[in-house]
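Okay, structure first, notes after.
Derivation of every value follows stated rules applied to the coordinates shown; laboratory data play no part. Since this is a predicted model, take the numbers as computed values, not measurements. Glycine gets a Cβ as well: all are built from the backbone with ideal geometry, and neighbour counts include every protein chain shown.
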Amino acid sequence: MLSVQLKSGEYLTIGDDIVVQVFQTGTTFRVAVQAPRELPIVRGEVHERTGDRPDCIHERLSKSPSRTRRDHERFQTAQSRLK
């Protein structure tokens, strides 16, 4: 498996027919894929409904303890504002 780090707006090509571009929007990422119509493109969560997970897929990295604590503090602050 090839692992590539891309900045928002950068893209990569696969062969002559496939282009993948990455965009960061806040804390999430969007992926734009241009490929031939006959090539199926399926989200991982949909693909895994069959029970199959590709061996090459890495597990999602867990948050650092400081990030988890900061997220919890932000959640608590937001909850107190709602009261």
Quiz item: What is the magnitude of the charge dipole of the chain about its Cα centre, with +1 placed on the Cβ of each Lys and Arg, -1 on the Cβ of each Asp and Glu, and no other charges, expressed in debye to the nearest 20?
Solution: 840 debye
Quiz prompt | GluC sites (Glu not before Pro) within the chain, DSSP loop, no more than 12 other Cβ atoms inside 10 Å | solution = GLU10, GLU38, GLU59
Quiz item: By how many degrees, 0 to 90 and rounded to 10, does the Cα axis of helix 65-82 deviate from the longest principal axis of the chain?
Solution: 60 degrees
Practice problem: May I ask you to derive the relative contact order of the chain, considering only C-alpha pairs under 8 Å and at least 6 residues apart, and to give it as an integer percent? | Solution: 15 percent
